Amino acid sequence: MDKKNKTLFIAFASQKGGVGKSTFTAIVASVLHFRMGYNVAVFDCDYPQYSLMQMRERDLQSIMHNEIFKKLAYRQFSTINKKAYPIMQCRADEALSEAERFIESSSITIDIIFFDLPGTVNTSGLLNTLAGIQHIFSPITADRLVMESTLRFTDVMANVLMKKGSTSIETIQLFWNQVDRREKSPLYESYEKVITDLGLHLMDSRITDSKRFRKESEAVAKTIFRSTLLPPDEKLMKSCHLDLFIDEFLRTIKL
């Protein structure tokens, strides 16, 4: 059980689609695994689309057809001598038991397992799975429907699951994504007051809007951003404040 005790269970979770939970799972997993030296695994439980499994297949094709990416991948493997992190498909209600089996069977210590979960609380076993995850991060955007949906979702976790006592949840963190640099600050201030009044926690980091979050590695591209096989370009990370987010993320999970 020593391996299990050393492994952190983390999820980017939201009840609203299109806010970036699968994208953040892939990007953060790639930064930690390929650039920072942690051993990462991902369980894709987002039935029926299984976005990360599909992203991995597309990433493999992109590397095969892009000479720049092919060289980056070869250089990465030669430098760190490390395989890509595994992405495994399973149902939400089986995620924790599957993760435990994987940890026990792994020949190396797994530092972090990310869970990409469905965005519907009614999904069978989802709340039980969330209760077994130590750190939950919920991306939010300055949109009324997104805010209402996400706040209901996080309120259930913070004020129902955590207060039951029989949960592994240590932190639930909301963070701003797709922030429009031109947007007036009072809009965010009004939402932040609601978050505070509900007793929820908001991260300091704000991820600014970038088309890179919605685009995967293209055959003619020269830089990597969203990929399960290579970490994002550091300049691109800084341009949208993803570097600051990673720093705060690591402090939050105490890694």
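Among the candidates 141, 129, single out the residue that is touching a Lys or Arg at 6+ places or on another chain (Cβ under 9 Å), over 20 Å from residue 31 (Cβ atoms) and not basic (Lys, Arg).
141
Counting only residues that are at pLDDT 95 or above and among the aliphatic types (A, V, I, L, M), give me the helices (runs of 4 or more DSSP H) lying completely in region 161-255 with at least 2 of them.
242-253
How many of the residues in region 144-153 are surrounded by 15 or more Cβ atoms within 10 Å (Cβ to Cβ) and modelled with pLDDT of 85 or more?
4
Please give the number of the condition residue 25 fails out of (1) of a type in the set (Ser, Thr, Tyr); (2) surrounded by fewer than 15 Cβ atoms within 10 Å (Cβ to Cβ); (3) within 13 Å of the chain's Cα centre (by Cα).
The number of the failed condition is (2).
So the check is Cβ under 9 Å with 6+ separation or different chains; which pairs have a first residue in region 131-151 that's over 17 Å from residue 10 (Cβ atoms) and without any contact (Cβ under 8 Å) to a residue 60 or more places away in the chain and a second one that's part of a strand (DSSP E or B) and among the aliphatic types (A, V, I, L, M)?
Partner pairs satisfying both residue conditions: 142/179; 147/140; 151/140; 151/174.
What's the total number of residues in region 97-108 that are assigned to a loop (DSSP other than H, G, I, E, B) and surrounded by 12 or more Cβ atoms within 10 Å (Cβ to Cβ)?
Total meeting the criteria: 1.
Looking only at region 116-129, how many residues end up being at pLDDT below 90 and not in a loop (DSSP other than H, G, I, E, B)?
Residues that pass the stated criteria total 3.
Restricting to region 41-55, count the residues that are over 12 Å from the mean Cα position of the chain (by Cα) and buried (at least 21 other Cβ atoms within 10 Å of the Cβ).
Final tally of qualifying residues: 3.
Find all pairs meeting these conditions: Cβ atoms under 9 angstrom apart; at least six residues apart or on different chains; first residue within region 62-77 and aliphatic (A, V, I, L, M); second residue surrounded by fewer than 17 Cβ atoms within 10 Å (Cβ to Cβ).
63/70; 64/70; 68/221; 68/222; 68/223
The values are calculated or read from the model by the stated rules, or taken from the named source; none is laboratory data. Values in this document were obtained by computation on a predicted structure and should not be read as measured data. Here Cβ is always computed from backbone atoms with ideal geometry, including for glycine, and neighbour counts include all displayed protein chains.
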